[in-house]
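Student: Before I ask anything, here is the structure I am working with.
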Amino acid sequence: MRLGLEPMREACARFGHPERAFESVHVAGTNGKGSVCAMVESIARSAGRKTGMFTSPHLCRFAERIRIAGEPMDDAMLADTLVRALDGAPELSFFETATLAAFLAFRDANVDLAVVEVGIGGRLDATNVLPRPRAAAITRIALDHTDRLGPTLVEIAREKAGIAKAGLDLVVGPLPADARAAVDEVARSLGATTTAAGDGALPARIGLEGDYQRDNARVAALLGARIGASPAAIERGIESVRWPGRLEHIETGRPGAPARRFLLDAAHNPDGAEGLARHLRSLALAPSDVALVFGALGDKDWAAMLDAIAPLAATRVYVAPQGGSRPAIDPAALAARHAGLEAPSVANAVSRAADAARVSLVVVAGSLVLVGEARALLLGLPRDPPVAL
């Protein structure tokens, strides 16, 4: 992914500035930003707004990245929009082209609010060509993409705080003190302020599992209030939100075989893996009841992820996710750290984990590419080539 705003600014100007055609909510953060985007979009629809949402990467279909009124774009509209973006701005990178296509689609559909997830960082992310949004947030700061954003939480926080705009008040989720100080400093330098989402009251039910979703829901609720949603719409939106691949339960069965429960989670860095581990411990399952299918891309801190979740599963099957934009970790390296089986494909890994004796839950985690392929296999869904951007 190329970082820098000038190519996107020039392309948007060439297309008559589609990024200015709608109000927006802009969300950055290491983890949780996709969940917060999904919650805010759900809140906005509950409040009667016509919404667009842009997130990345996709799990199964590219169209998942660009949603209108809660639904992925249909293939014909998506193809037409991408052709226009590619023909009109052939110099853009893959992610820049996707971002431009989203802005064009939102303008074409006359959405009145677009919820936009940052790709990487914030300051130099292609989405940061948006004018001052109606509301914006930073969800969490953790170590990820350190080769692009810097090796410390403070450096990463400064990059993410670059989405601040003059006159904007950034909603901030729970951050380490030094990261929060860095966010505040950058925000002030840009003429913005910050407000902590805090630990206030939550809706009676959150539609997504995981203790960390409480923090995400508090951020989303405050963003929802800032777009003018009523308390009732905020409650409905957070209760009804759906976000596939995030602690997602799927049950499948084969003739003559017992049903198997799968838990798919997009945890792909140590902070996300710790959240998954907390959730697994809350289920009070013995390790003998759990099988883990794990694979990771080579730029991730796979050892820390595996250390967090491998002890919770007695059966472990390792696989190299295929088709991502970066090489995968060799399953042999994973097995050397925590003993387990090596599988030649995701389909084989899922089958071997599901067939393990006594297992009542199969957990799939470590990479969005892996989770996307497993989800398509389990649900019989079509799948576009994965791109981890």
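Student: Order the peptides 372-381, 215-224, 86-95 from the highest to the lowest mean number of other Cβ atoms within 10 Å of their residues.
Tutor: Going from most to least packed, we get 215-224, 372-381, 86-95.
Student: While we're looking at this one, here's another question. Separation between the ILE250 and ARG188 pseudo-spin-labels, each 7 Å from Cα along Cα→Cβ, expressed in nm?
Tutor: 4.8
Student: A further question on this structure: Once both axes come from the Cα atoms, what is the angle between helix 33-46 and the longest principal axis of the chain, in degrees from 0 to 90, rounded to 10?
Tutor: Roughly 60 degrees, rounded to the nearest 10.
Student: Check LEU297: other-chain or 5+ apart residues with amide H under 5 Å from its amide H, H built from backbone geometry?
Tutor: ILE329
Student: With every atom except the alpha carbons ignored, what do you get for Rg and Dmax of the stretch 117-158, in angstroms?
Tutor: Reported Rg and Dmax, both Å: 10.9, 31.
Student: For ALA69 and ARG9, calculate 0.36 nm times their separation in residues minus their Cα-Cα distance, and state this gained length in nm to one decimal. Before the final figure, lay out each step's value.
Tutor: Details: separation 60, 0.36 × 60 = 21.60 nm, distance 2.63 nm.
19.0 nm is the gain from fully extending ALA69 to ARG9.
Student: Counting only DSSP beta bridges with both residues in the chain, tell me the antiparallel percent, nearest 5. Walk me through the intermediate numbers first.
Tutor: Details: 11 of 46 bridges.
Restricted to the chain, the bridges split so that about 25 percent are antiparallel.
Student: Ok, one more. Residue by residue through the stretch 171-182, what is 3J(HN,Hα) from phi via Karplus (6.51 cos²θ - 1.76 cosθ + 1.60, θ = phi - 60°)? Round to whole Hz and write x for glycine and proline.
Tutor: 7, 10, x, x, 10, x, 4, 5, 5, 5, 4, 5
Student: With only alpha-carbon pairs counted, each pair once and no self-pairs, how large is the Kirkwood hydrodynamic radius of the stretch 163-248 in angstroms? Before the final figure, lay out the partial values.
Tutor: Values: mean 1/r = 0.0711 Å⁻¹.
Result for the stretch 163-248, one decimal place: 14.1 Å.
Student: Separate question: Ratio of alpha-carbon Rg to the 2.2 N^0.38 Å globular estimate for the stretch 269-389, to two decimals, please.
Tutor: 0.98
Student: If you don't mind, another one. Residue by residue, what Karplus-based ³J(HN,Hα) values in Hz, rounded to whole numbers, does the stretch 8-25 have, using 6.51, -1.76 and 1.60 with θ = phi - 60° and x for Gly and Pro?
Tutor: With coefficients 6.51, -1.76 and 1.60, one gets 5, 4, 5, 5, 4, 4, 4, 9, x, 6, x, 5, 9, 8, 8, 6, 9, 10 Hz.
Student: Then there's this: With each run of n ≥ 4 DSSP H residues scored as -39500 (n - 2.57), what mean residue ellipticity at 222 nm is computed for the chain after dividing by its residue count and rounding to the nearest 500 deg cm²/dmol?
Tutor: For the chain, the value works out to -11500 deg cm²/dmol.
Student: Relative contact order (percent) for the stretch 20-91, with alpha-carbon contacts under 8 angstrom and 6 or more residues of separation?
Tutor: RCO, the stretch 20-91: 18 percent.
Student: In terms of modelled amide H atoms, which long-range or inter-chain residues lie less than 5 Å from the amide H of THR315?
Tutor: Amide H neighbours of THR315: VAL290, LEU292.
Student: Starting from the coordinates of the alpha-carbon atoms of the stretch 76-193, obtain the Kirkwood hydrodynamic radius over all distinct pairs and give the value in Å to one decimal.
Tutor: Details: mean 1/r = 0.0648 Å⁻¹.
About 15.4 Å, per the Kirkwood formula over Cα pairs.
Student: What's the local net charge at THR194, with K and R +1, D and E -1, over the other residues with C-beta under 14 Å away?
Tutor: Once positives and negatives cancel, what remains is +3.
Student: Using only Cα atoms, tell me the angle between helix 212-226 and the longest principal axis of the chain; keep it within 0 to 90° and round to the nearest 10.
Tutor: 20
Student: Residue by residue through the stretch 197-204, which ³J(HN,Hα) values in whole Hz follow from phi under the Karplus form 6.51 cos²θ - 1.76 cosθ + 1.60 (θ = phi - 60°), with glycine and proline marked x?
Tutor: Calculated HN-Hα couplings, in order: 5, x, 10, x, 5, 10, x, 4 Hz.
Student: Between the helical axis of 270-282 and the dominant principal axis of the chain, each derived from Cα atoms, what acute angle in degrees is found, rounded to the nearest 10?
Tutor: 60
Student: State, to one decimal in nm², a quarter of the convex hull surface area for the C-alpha atoms of the chain, i.e. the direction-averaged projected area.
Tutor: Numbers: hull surface 73.3 nm².
In nm², the orientation-averaged hull projection of the chain is 18.3.
Student: So, one more: Near ARG14, within a Cβ-to-Cβ distance under 13 Å, what is the net charge of the other residues, with Lys and Arg +1 and Asp and Glu -1?
Tutor: Result for the local shell: -4.
Student: Measure off 7 Å from each Cα along the Cα-to-Cβ vector at ARG337 and ARG358, then give the distance between these two points in nanometres to one decimal.
Tutor: 2.6
Student: If Lys and Arg each add +1 and Asp and Glu each add -1, what is the summed charge of the other residues whose beta carbon sits under 13 Å from the beta carbon of ALA135?
Tutor: +2
Student: Let me ask something else about it. For the stretch 1-114, state the semi-axes of the equivalent ellipsoid (square roots of 5 times the eigenvalues of the alpha-carbon gyration tensor), sorted largest first and rounded to whole angstrom.
Tutor: Calculated on Cα positions only, the semi-axes equal 21, 16, 14 Å.
Each reported figure results from applying straightforward, stated rules to the coordinates on display, with no laboratory input. Bear in mind that the values here come from a model prediction, so they are computed numbers and not experimental data. Positions of Cβ are backbone-derived with ideal geometry, glycine not excepted, and every protein chain shown enters the neighbour counts.
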